[in-house]
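The values are calculated or read from the model by the stated rules, or taken from the named source; none is laboratory data. On a predicted model such as this, the values are computed, not experimentally measured, just so you know. Every residue, glycine as well, gets a Cβ built from its backbone with ideal geometry; the counts of neighbours run over all protein chains shown. For accessibility, only protein heavy atoms count, side chains too; no ligands or nucleic acids. Shrake-Rupley method; radii C 1.70, N 1.55, O 1.52, S 1.80 Å.
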Amino acid sequence: MIIAAFMLLTVSALAQNGKAIYNKYSDADDVSAVYISPAMFKIIGNIPNLSIGDDDVNLTPVVRSLTGFYLIDSDNPGVNASLRKDIDKLLDAGKYELLMEAKDNGETMRMYTIGDDAIVTSFIMTVVENDQCTFIALEGKISRDKLSEILATAMDE
Amino acid sequence: MRTIDEIERMSMEELERIASSKDISIPEGLDDRISGTLTAAAFHAQERPAARTRHTIIGIAASAVAAACLGMVLVKASQPKDTFTDPMLAYAQLEQTFQYIQTKMGKGLEIAAGAEPVIERTSEIFNGTK
């Protein structure tokens, strides 16, 4: 019985990820939520001529390496407090590296990644401003170079 | 036949005398029955730890299987549904999100760039005092 309880706790601990946060808050009031599954990413990856804006940047290599996309955008102050705590728990549990933090006019933005020099397995961005909290999580085996290239190209616009 | 109380009150010499006496007859098969009982007791004593270990292993395995099944049910039940059924809409959301990330990243880099003159000046002062 003790071993069964321990194994259940292990299973629940493993579920502390973007999916767990999405499942918890996606149906709350004043919360917008988006989820894209691995199957949908496979379909998107087969769409030809993907690009951002007018530049001929191919998003396909990144899309094909994604296995999950979770977005939570909350305007509910009650949800925001709980959401921030769960995000902190998620970040503490995983070996996330803080990529960037920026504070400007009451808005705090943070970006985190997990991975090695070549591959990013999880990317998280949080934006907290007054009564709004946004959580974005990308999961997969994303080439760090490709991700940097796409973001750098987008910033050149 | 003596009672147990009488036997307990007898001395060792008396007990030895009675034991060596040839007048007392031992019931037939008693020796075999005692040997059999002792042998069976010894066998069961050896078997008990093995049976206990077997039962423990079976219990652990059953708990593990039950926990694994429950875990699989919970994980499957928690699988969310795609927000979009149209892949083009899903891609449009992805593109919009990347642009949002870019905007926020750009703002962060702007703030960092604004601090650059201060950092350079600080560095000059520090190097000047060295």
>> Can you find, within region A:58-87, the residue that is farthest from the other protein chains (Cβ to nearest Cβ) among those that are in a strand (DSSP E or B) and over 17 Å from residue A:20 (Cβ atoms)?
In response: A:73
> Before we move on, is residue A:113 at pLDDT below 95, among the polar types (S, T, N, Q) and either within 25 Å of residue A:88 (Cα to Cα) or in a strand (DSSP E or B) (or both)?
Replying inline: yes
>> Report every pair of residues separated by at least 6 positions or lying on different chains whose Cβ atoms are under 7 Å apart, first residue within region B:4-24 and without any contact (Cβ under 8 Å) to a residue 12 or more places away in the chain, second surrounded by 10 or more Cβ atoms within 10 Å (Cβ to Cβ).
In response: B:24/B:18
>> Suppose we filter region A:84-97 for residues that are of a type outside the set (Gly, Ala, Ser) and open to solvent by 50 Å² or more (accessible area, probe 1.4 Å); how many remain?
In response: 7
> Within region A:61-71, restricting attention to residues that are touching a Lys or Arg at 6+ places or on another chain (Cβ under 9 Å) and of a type outside the set (A, V, I, L, M), which residue is most open to solvent (accessible area, probe 1.4 Å)?
Replying inline: A:64
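To keep it simple, each residue is scored yes or no on (1) among the hydrophobic types (A, V, I, L, M, F, W, C); (2) at pLDDT below 95; (3) under 29 Å from residue B:78 (Cα atoms); (4) open to solvent by less than 60 Å² (accessible area, probe 1.4 Å).
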residue: A:58; (1), (2), (3), (4): no, yes, no, no
residue: A:73; (1), (2), (3), (4): no, no, yes, yes
residue: A:99; (1), (2), (3), (4): yes, yes, no, no
residue: A:117; (1), (2), (3), (4): no, yes, no, no
residue: A:149; (1), (2), (3), (4): no, yes, no, no
> Pairs under 7 Å by beta carbon, first residue surrounded by fewer than 20 Cβ atoms within 10 Å (Cβ to Cβ) and of a type in the set (S, T, N, Q) in region A:16-37, partner outside any loop (DSSP other than H, G, I, E, B) and at pLDDT 95 or above, six or more apart or different chains?
Replying inline: A:26/A:33; A:26/A:72; A:32/A:73
> Could we say that residue B:101 is open to solvent by 40 Å² or more (accessible area, probe 1.4 Å) and either in contact (Cβ under 8 Å) with a residue 40 or more places away in the chain or assigned to a helix (DSSP H, G or I) (or both) here?
Replying inline: no
>> Being more than 28 Å from residue A:104 (Cβ to Cβ) and either in contact with a strand residue (DSSP E or B) (Cβ under 8 Å, 6 or more places away or on another chain) or modelled with pLDDT under 80 (or both) is the filter here; which residues of region B:85-108 pass it?
In response: B:90
> When region B:26-61 is examined, which residues are found to be part of a loop (DSSP other than H, G, I, E, B) and open to solvent by 100 Å² or more (accessible area, probe 1.4 Å)?
Replying inline: B:26, B:28
>> For region B:63-84, check the following and say yes or no: at least one residue is modelled with pLDDT of 85 or more and in a helix (DSSP H, G or I).
In response: no
